[in-house]
Amino acid sequence: MSSMYPRTKELSRTRKSLSDSPPSSPSPTAKNFRHDRASRLDSGGGDSRDEPLGRTSSYTRRETRLAALNKHEDDTSSRDYKKMYEDALAENDKLKSRLDDSKQELTKIRTQLDKVTQKQDRVSERSTVLESEKREKQALEKRVMDMEEELKVLTELKSDNQRLKDENGALIRVISKLSK
């Protein structure tokens, strides 16, 4: 029968060694352990034949409690996983909506940027056209000024030419009077 309960003997030896050498300041868990041990020994009876059965039933009860706790933890953990999954889905939906909003905003901003760029292009084209018109105007003004100066020179030359013609005619008359 001792081979059927090898763990029981090791456990009882450990318990005896713990109870034989009490700690200098027993912790609350140690006090509960001794109290549980004492109550189990009292309820177990004095019959040596019942002792393994009593221990087996206490182990069975312990295993049942652990199984119940594990089941509760499994239920809790599965619920937690389900809750975590639902939370993650909700968070993903929120992030997707934010992403969609951001994409729409980005599209709006891009269209605004395109409009501004087109305006700047038009302005730069206008400024380029204005600059070329300005250059043409300056060139024309310069040409007009040059032509006015040429007209002044031509007017002076005409007057000089007329004066020279008059002088030439006068000289020709003087020479013709002298030659007669």
Under 25 Å from the Cα of Lys83, which lysines turn up, not counting those fewer than eight places away in the same chain?
-> Lys71, Lys94, Lys96
Å² of accessible area per residue within region 103-180, as computed with a 1.4 Å probe and no ligands counted | 101
Step through the residues of region 133-146 one at a time and calculate ³J(HN,Hα) from phi using the Karplus curve (6.51 cos²θ - 1.76 cosθ + 1.60, θ = phi - 60°), rounding each to whole Hz and writing x for Gly and Pro.
-> 5, 4, 4, 4, 4, 4, 5, 5, 4, 5, 4, 4, 4, 4
Lysines with Cα under 23 Å of Lys152, excluding same-chain neighbours fewer than 8 positions away | Lys137, Lys142, Lys165
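Summarise the accessible area of region 85-180 (1.4 Å probe, protein heavy atoms) by the percent that is carbon and sulfur. All intermediate terms of the calculation are to be shown ahead of the outcome.
Values: 5290 of 9470 Å².
C and S atoms contribute 56 percent here.
The values are calculated or read from the model by the stated rules, or taken from the named source; none is laboratory data. Computed from a predicted model, the values in this text were never measured in an experiment. The area values use the complete protein model at the heavy-atom level, side chains included, leaving out ligands, DNA and RNA. Shrake-Rupley method; radii C 1.70, N 1.55, O 1.52, S 1.80 Å.
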